[in-house]
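The values are calculated or read from the model by the stated rules, or taken from the named source; none is laboratory data. Bear in mind that the values here come from a model prediction, so they are computed numbers and not experimental data. Here the Cβ positions follow ideal geometry from the backbone for every residue, glycine too, while neighbour counts run over all protein chains shown. All accessible areas refer to the heavy atoms of the entire protein, side chains included, with ligands and DNA or RNA removed. Shrake-Rupley method; radii C 1.70, N 1.55, O 1.52, S 1.80 Å.
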Amino acid sequence: MTMLQHAIFVLILPLVSAAVIALFLRRAGGLAATFSTLTAASIAAISVILALHNERFTASYEWFRLGDLAISLGFKYDDLAALMLVIVGIVGLCVHVFSLGYMHDDAAKARYFGGLSIFMFSMIGIVFADNLFMMFIFWELVGFSSYVLINHWHEKQSAADASKKAFIANRVGDFGFLLGIVMCYWLNGTVSLTELAAQGEAHTLHFSALVPLLLFCGAVGKSAQLPLHVWLPDAMEGPTPVSALIHAATMVAAGIYMLCRINVLMVPDALTVIMWTGTATALYAALCAITQSDIKKVLAYSTLSQLGYMVAAFGLGSITLSHAHGAETHTVVLAAGVGAAMFHLTTHAFFKALMFLGSGSVIHGCHHEQDIFKMGGLRTRMPLTFWTFTVGVAAIIGFPYLAGFFSKDAILYLAFAKNKAVFGFLALTAVLTSLYMVRLWKLTFLGEPRSEDAKHAHEGGLTLTLPLVLLAVLAVVAGYHSHYPKVFDGVLDLVPEAEGSDHTIIFITSLGVMLVGAAIGYTFWKSTPTDTLADKSPGLFTALTALKQSFDRLYDYYVAKVQQRFALFVNFFEQIFLAGVIVRGLAGVVGLFGMGARALHVGNLNAYVYWFLLGIVMLWLFATGAVSL
């Protein structure tokens, strides 16, 4: 088989799995789970084989044509796609294996694994897409998959509401994405990623800040950036493995991947907007995470914050580095924003999937308890989960020489070189990240059990623990990048190649923010059944809680007070004026007159007497001249 045939096979394989489960295995949950997991294993294996193979290729097939507009389906398999496909394959396999144990007793297991398969198909389609139209098709399929999986336990009203919220919030962003695709075609005559790149190299590309900003709307929805972030914390109502696959490692990362794909369309004004959107999201979500008591929602806000880091990194754009080789100095311009964003996406995918699955192991072991203030003492009861979760926490807070340390340092150096204000905000975010993650770790695993569920917690089986071990290893080694593809374009050497003083500043800052945040998180919060912050500083706790709720309240007000009233007005205007007068014309006017006339003939003697008296009064007024025509 050629590499193209392998790519086609890896794309079609999960679709076949979903179809087989839907058609033949709906009542055979165990068989459906096995079939879907074997499919995921095949995808992971082929994705690694394709990545290690040096061949990169593009292929396109015309789907249909409307005049000069040709819609194509095709494959663009370069280093960027290779990296993303490996992430989807490995994390997808870990989630499938973990789900075998976590969803073992679920009555709708077949539907769940069918949903995982259709999601894998949708996500792989985004990875391979060689044009924006094809990407949009799979983009919408990913949204549908998310809706199905969040709503898996549809008998729970909160899960049903969360799935609708996620679907609607993403549709808002996707509307802008679609407009951006149309405008890109209008300006450049193509939406092919390969052709756009060629036009960029030939300097024939038509640039407009509006095109990348409209396309960025899709990333704002899918990657949950301000102000469309509100769906992600609520999406934790779905099964925990779904949170690991969709809302930590792959679907929410699709927005970052799309931005890197359209880097050629970026202009400075658009990059500035993207940079500050990501920075604001990173800081806002970190502040919200401090007051959360649900273990999954802490991780959800952490995901929002880390996605903001990636978006900010992309918005920081390119950077110029000088390399001294003997007596000569070479200046190189690197697409460092793309490299830094993708590097952090890669490391984050592994350690955040690890922590989400670790939280699933905790929830499973504590008999589905999710409140961290009702946990404690799990270090001795669930030792493997404790140590692997600890690796994930250490990676995300930037413990030296773990995966998150390298990718975070690359972003901080890029920010330090490009925009000192962004650097300050991201450094503050790093302090808060270390604080709330150590808080979560301490309250969950240390101290004494604070509930009967925690006292009787236990480690899960092999299917629950094996994925944790694999992801923990990746959370350690993913920052060592000697075999990474060229997609990072030199960004992996940003910190080592920095000037000595800059390198020292970044290293000290990175280490300092980690230690300060960790120290506060460990010493301030006590292992008690209530939140120490709420007890000692209720004003600050209330303010942070209000900050978290502000956007939901704003949207609730908008929907109830603005949108609903406007909809009622539009409905009245349409029914009475447009349909009644403009469309029906004179017949409508006559009909309205007839409605009024019928209202006078009610068959009620008292009413007729009142009308008779009114007529006498009117005749008297005319007779006396008080009223005249």
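Structure notes:
- Cross-link table Lys76/Lys418; Lys408/Lys548; Lys165/Lys561; Lys296/Lys548, entries beyond 20 Å C-alpha to C-alpha: Lys76/Lys418; Lys408/Lys548
- Taking a Cβ cut-off of under 12 Å around Glu195, the surrounding Lys, Arg, Asp and Glu residues balance to a net charge of -1, with basic ones at +1 and acidic ones at -1.
- Computed over protein heavy atoms with a 1.4 Å probe, the carbon and sulfur contribution to the accessible area of the stretch 42-140 reaches 61%.
- Partners of Lys455 within straight-line reach, counting aspartates and glutamates whose Cα lies under 13 Å from its Cα and excluding those fewer than 8 residues away in the same chain: Glu369.
- Answer label, with Cα extents along the principal axes in Å calculated from the coordinates and candidates (1) 89, 76, 56; (2) 72, 52, 49; (3) 112, 67, 57: (3)
- Between the listed residues Val590, Tyr413, Ala454, the Cα displaced farthest toward the positive end of the dipole of the chain, a dipole computed from Cβ unit charges relative to the Cα centre, is found at Val590.
- Phi-based couplings in Hz for the stretch 379-385 (Karplus 6.51, -1.76, 1.60; Gly and Pro marked x): 4, 8, 8, 9, x, 5, 4
- Amide hydrogen neighbours beyond the local backbone of Ser72, cut-off 5 Å, H modeled: Trp63
- When both the stretch 59-93 and the stretch 251-280 are represented by their alpha-carbon centers, they are found 20 Å apart.
- For Phe57, residues with placed amide H under 5 Å, excluding near neighbours: Tyr77
- Placing +1 on each Lys and Arg Cβ and -1 on each Asp and Glu Cβ, with no other charges, gives the chain a dipole about its Cα centre of roughly 1420 debye.
- Three-way shape call for the stretch 15-144 based on the alpha-carbon gyration tensor, with the a/c threshold at 1.5: oblate
- Ranking by accessible area, most exposed first, for His203, His344, His601 with a 1.4 Å probe: His203, His601, His344
- Note that the stretch 466-478 has calculated 3J(HN,Hα) couplings of 4, x, 5, 5, 4, 5, 5, 4, 5, 5, 8, 8, 5 Hz, one per residue in order, obtained from phi through the Karplus relation 6.51 cos²θ - 1.76 cosθ + 1.60 (θ = phi - 60°); glycine and proline are x.
- The packing ranking, built from the mean of other Cβ atoms within 10 Å per residue, places the peptides 514-521, 252-259 in the order 252-259, 514-521, highest first.
- For Glu201, solvent-accessible area (1.4 Å; no DNA, RNA or ligand), Å²: 150
- ³J(HN,Hα), Karplus 6.51/-1.76/1.60, whole Hz, each residue of the stretch 175-189, x for Gly, Pro: 4, x, 4, 5, 4, x, 4, 4, 5, 4, 5, 4, 7, 10, x
- Across the chain, the relative contact order, built from alpha-carbon pairs under 8 Å that are at least six residues apart, equals 12 percent.
- In the full protein context, the stretch 225-274 carries 17 Å² of accessible surface per residue, based on a 1.4 Å probe and ignoring ligands, DNA and RNA.
- Heavy-atom accessible surface of Trp63, to the nearest 10 Å², is about 140 Å², with a 1.4 Å probe and all protein chains retained.
- Sulfur and carbon atoms: percent of accessible area, the stretch 154-279 [1.4 Å]: 67
- With protein chains left intact and a 1.4 Å probe, residues in the stretch 33-132 average 35 Å² of accessible area per residue.
- The stretch 393-464 shape via C-alpha gyration tensor axes, a/c threshold 1.5: prolate
- Packing order of peptides 408-420, 371-383, highest average first: 408-420, 371-383 (average count of other Cβ atoms within 10 Å over each peptide's residues).
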